[in-house]
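To start, the structure itself, in structure tokens.
Readers should treat all values here as calculations from the given coordinates under stated rules, not as data from a laboratory. Everything quoted here is computed from the prediction, not taken from an experiment. Neighbour counts run over all protein chains shown; Cβ positions are idealised from the backbone, glycine included.
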Amino acid sequence: MHELSIAVSVLESVEAEIASRSGGTPRGSVREVTMRIGRLAGIEPEALSFAWEVARRGTICDGAELALDLAPVVASCSLCGSTFPIESEGGACGNCGPAAFSIVGGREIEIRRVMWEVEEEVR
Amino acid sequence: MSEVRILEITRNVVARNDELAQTLRTRFGEARLAVFNLLSAPGSGKTTLLERTLRELHGRVRCLVIEGDLRTARDAQRIAAAGGRAVQIVTHGTCHLESRMIQGAIEGIDLRELDAIIIENVGNLVCPSSFDLGESARVVLASVTEGEDKPAKYPFMFEKASAIVLNKIDLLPHLSFDRKEFWDGVDCVNRSATRVELSCATGEGFDGWISWFMAKVSAARGNETAPASKR
């Protein structure tokens, strides 16, 4: 349900990233942003895409696509340390069976890739 | 001529929240404050737990309650009626609290006049767990009417809790709630949290909650620096 605030944060981060690479003032335009979203991050992909379309207007990302790479929930067994996926019906270590685990993946809310179109002379 | 550049980066989108939360944690530590982030589904009894806690600690602990609510100031009114000092954050539909909201809520409040802050998060078992608020302890409240499968369904919420409180145990005779399954689910993700079973209605088990709470308050009073590790 907090997809709009996430979308706004992404826009701010991308703008800051572009600004730092174009001498302070963001230049050019962004064509695509790729994010990695964990399945435990509490983000509904469709809601985030919708929020993105609203929030990007008038920013450097106006018109930019948002590509979402969904990351599985991954747990680490507390007995042997091996990792295994957690599905909706649960999961267990392949070596030790049901045992305590800690969640090591699946909460990501990360920007991973930005496709930026810019005049050639900008360094 | 223009060119397309591909920027391969990794930027955590909630990093700014985490940074501000860390700043708040340092401030709270310097003021020797215990700060509790109280999380639960809607209807688990967060406000009732606070009302009873404030009554029990009246005159012993100077508490400020920060109330997160979607639409109304009703909970803050209940806290005030119980003799507590409350600040209301109406989130206007946002499903969780963020550290900048906490920063705004404590503006103008002299932290040295307090012993504890209790943040009542928005009732939701998903979103609030992603947002650090600078708390020294995270408390997850569940009630027996919600079913025993909550820890298995929402492991992320239970994983980082310092205390897990199971409420409404006075209703157990009327339900088929499986306590063992509930705590087994907790075992899978969190073996270090303090566990309390209680009823806010009858007061059964409430002593266990109060003694855990007071231990946290005492620990904060004794520490000059921020208890940053006690997340």
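For chain B, give the share of DSSP beta bridges that are antiparallel, in percent and rounded to the nearest 5; count only bridges with both residues there.
Roughly 0 percent of the beta bridges in chain B run antiparallel, per DSSP.
Compute the distance in nm between two label points, each set 7 Å from the Cα along the Cα-to-Cβ direction, one at A:Ala19 and one at A:Cys80.
So the label points at A:Ala19 and A:Cys80 sit 5.0 nm apart.
Where nothing but the Cβ of Lys and Arg (+1) and of Asp and Glu (-1) is charged, how large is the charge dipole of the stretch B:78-218 around its Cα centre, in debye to the nearest 20? Provide the component values of the computation, followed by the final result.
Numbers: 14 positive and 20 negative charges, 25 e Å.
Charge dipole of the stretch B:78-218: 120 debye, to the nearest 20.
Over the protein assembly as shown, how many pairs of lysines fall under 23 Å by alpha carbon, counting only those 8 or more apart in sequence or from different chains?
18
List the relative contact order of chain B as a percent without decimals, with contacts defined as Cα pairs under 8 Å and 6+ residues apart.
Reported as a whole number, the value is 27 percent.
Counting C-alpha atoms alone, how compact is the stretch B:88-231: give Rg to one decimal and Dmax as a whole number, in angstrom.
My reading of the Cα-based Rg and Dmax gives 16.2, 48 Å.
List the DSSP H helices in chain B whose Cα atoms stretch 18 Å or more along the helix axis and whose mean Kyte-Doolittle hydropathy is at least -1.0.
Those that clear 18 Å and a mean of -1.0 are B:206-222.
Once R0 is set to 41 Å, what does the formula 1/(1 + (r/R0)^6) return for the Cβ-Cβ distance between B:Thr145 and A:Glu65, expressed as a FRET efficiency to the nearest 0.05?
Computed FRET efficiency for B:Thr145 and A:Glu65 comes out at 0.40.
Over chain A, what is the relative contact order in whole percent, taking alpha-carbon pairs under 8 Å and six or more residues apart?
This gives 33 percent for chain A.
Using a Förster distance of 30 angstrom, determine the FRET efficiency expected from the C-beta separation of B:Gln77 and B:Arg112, and round it to 0.05.
For B:Gln77 and B:Arg112, the calculated efficiency is 0.65.
With springs only between Cα atoms under 10 Å apart, run a GNM on chain B and tell me which of B:Leu172, B:Leu20, B:Leu198 wobbles the most.
The residue that fluctuates most here is B:Leu172.
Return the percentage of antiparallel bridges among DSSP beta bridges fully within chain A, rounded to the nearest 5 %.
Numbers: 17 of 24 bridges.
Here the antiparallel bridges make up roughly 70 percent for chain A.
How many Å³ per residue does the convex hull of the Cα positions in the protein assembly as shown occupy? Display every interim value, and only then the final one.
Numbers: hull volume 55.9 nm³, N = 354.
Expressed per residue, the convex hull around the Cα atoms of the protein assembly as shown is 158 Å³.
Taking the Cβ of B:Gly83 as the centre, find all other residues whose Cβ is under 13 Å away and add up their charges (Lys, Arg: +1; Asp, Glu: -1).
+4
Taking every DSSP beta bridge that has both residues in the protein assembly as shown, what percent is antiparallel when rounded to the nearest 5?
If I count the DSSP bridges inside the protein assembly as shown, around 40 percent turn out antiparallel.
With N denoting the number of residues in the stretch A:1-118, provide Rg(C-alpha) divided by 2.2 N^0.38 Å, to two decimal places.
Computed over Cα atoms of the stretch A:1-118, the ratio equals 1.32.
How long is the gain from A:Glu46 to A:Ala99 if the chain were fully straight, where each residue apart is worth 0.36 nm and the alpha carbon distance is subtracted? Don't skip to the answer; put the middle values down first.
Working: separation 53, 0.36 × 53 = 19.08 nm, distance 3.42 nm.
Gain on extension, A:Glu46 to A:Ala99, equals 15.7 nm.
Assuming 0.36 nm per residue, please report the length gained on full extension of the stretch B:Thr10 to B:Glu204 beyond their Cα-Cα distance.
Working: separation 194, 0.36 × 194 = 69.84 nm, distance 4.91 nm.
Extending this stretch completely gives an extra 64.9 nm.
So if I place +1 on the C-beta of Lys and Arg and -1 on the C-beta of Asp and Glu, and nothing else carries charge, what would the dipole magnitude of the protein assembly as shown be about its Cα centre? I want it in debye, nearest 20.
So the dipole magnitude of the protein assembly as shown works out to roughly 1080 debye.
Which distance in nm do the two modelled labels at B:Arg195 and B:Ser2 give, with both placed 7 Å along the Cα-to-Cβ direction?
Placing both labels 7 Å along Cα→Cβ, they lie 6.0 nm apart.
Taking 0.36 nm per residue of sequence separation and subtracting the Cα-Cα distance, how much length would be gained by fully extending the chain between B:Arg85 and B:Glu19, in nm to one decimal?
Contour length minus the Cα-Cα distance gives 21.0 nm.
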